[in-house]
Amino acid sequence: MEERIPYQLDILYIGENLHAIIFHVLNRLGVANEITRIIRVRGLNIYKVFTPYPAPLGAEEAHIVVVVESSDAGRVEAVAREIKELVGPVLSYRVIHPHGRVLLIDKLFPIYHGEKRVILLYTSSLRSLREVMMKSLGLTAYPVLRTVGIGIGEEFFNTIYELYGELRPEEYVERAAELLESLGFGRIEVVENNASDGSVVIRIYDHYECMHVEEVTDKPASVLTRGILEGFFSLVWERKSRAIEKKCIARGDKYCEFTVEVSL
């Protein structure tokens, strides 16, 4: 598979002496360059520079976040204040200091994936949710998880349709793989894409739903994901679909593999 690059969200940093400066600016050419130039001249190490959201063409205002490294919090405040005085397009600023080794930029809210608002959950939290459902509901937890997954899969289809419009079945598969991977489901590999004929084989490496299963089981564990695939492909094919998990990390396999077909 093609190499994947780990992505660190621009919200939480763990390291020594990291501070964040959030600048509210007029959307003018060269503002970010001037801000970072002054920071470098004043001897602060720039750890990262980013914009929390893309400023639409013609937008009057924007935000720029600069994460800097310094053992002197007062110096960071002084440099930010100097930038406000020297750089005309800077309307205001806010400095966020770390707590110990943790810098949490809690002012970046809400969080969006494209145009949809999202929340972040640790995979261990999802595992705990699953475990509680299994203990409370027993075997009836499986159809509940599958039904929830079907609804999620249908929403994924609608999201892709809104973004790309009408696509060929094979293209829906490709866009779905990209969407699932961007949301952190795992590394997606489309093994067979015969969507026009009602058959698709998908592998998920480092699959979130199974990677925290503590004991090797004799049954596939990706109940929610099977439901997601069935909900998604039922709308692609406009017919009921069935997802079968033939390999599963929870059973000791290297990946989870799903065959999705039109349900006869």
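Observations, loosely collected:
- Residues within the stretch 196-214 that are aliphatic (A, V, I, L, M), farther than 9 Å from Ile249 by Cα and surrounded by fewer than 23 Cβ atoms within 10 Å (Cβ to Cβ), tallied: 1
- Cβ pairs under 6 Å, 6+ apart, first in the stretch 183-196 and farther than 17 Å from Ile160 by Cβ, second surrounded by fewer than 19 Cβ atoms within 10 Å (Cβ to Cβ) and among the basic types (Lys, Arg): Arg187/Arg4
- No other residue among Glu230, Glu192, Glu174, Glu170 is closer than 17 Å to Glu2 by Cβ, out of contact with any Asp or Glu (no Cβ under 8 Å at 6 or more places or on another chain) and either polar (S, T, N, Q) or at pLDDT 95 or above (or both) apart from Glu174.
- Failed condition for Gly231, given (1) within 17 Å of the chain's Cα centre (by Cα); (2) surrounded by 22 or more Cβ atoms within 10 Å (Cβ to Cβ); (3) part of a helix (DSSP H, G or I): (1)
- Residue satisfying condition, being within 24 Å of His113 (Cβ to Cβ), surrounded by fewer than 15 Cβ atoms within 10 Å (Cβ to Cβ) and out of contact with any Leu (no Cβ under 9 Å at 6 or more places or on another chain), within set Arg37, Arg4: Arg4
The values are calculated or read from the model by the stated rules, or taken from the named source; none is laboratory data. Remember, it's a predicted structure, so these values are computed and weren't measured experimentally. Don't worry about glycine lacking a Cβ; one is built from the backbone with ideal geometry, like all the others, and counts go over all protein chains shown.
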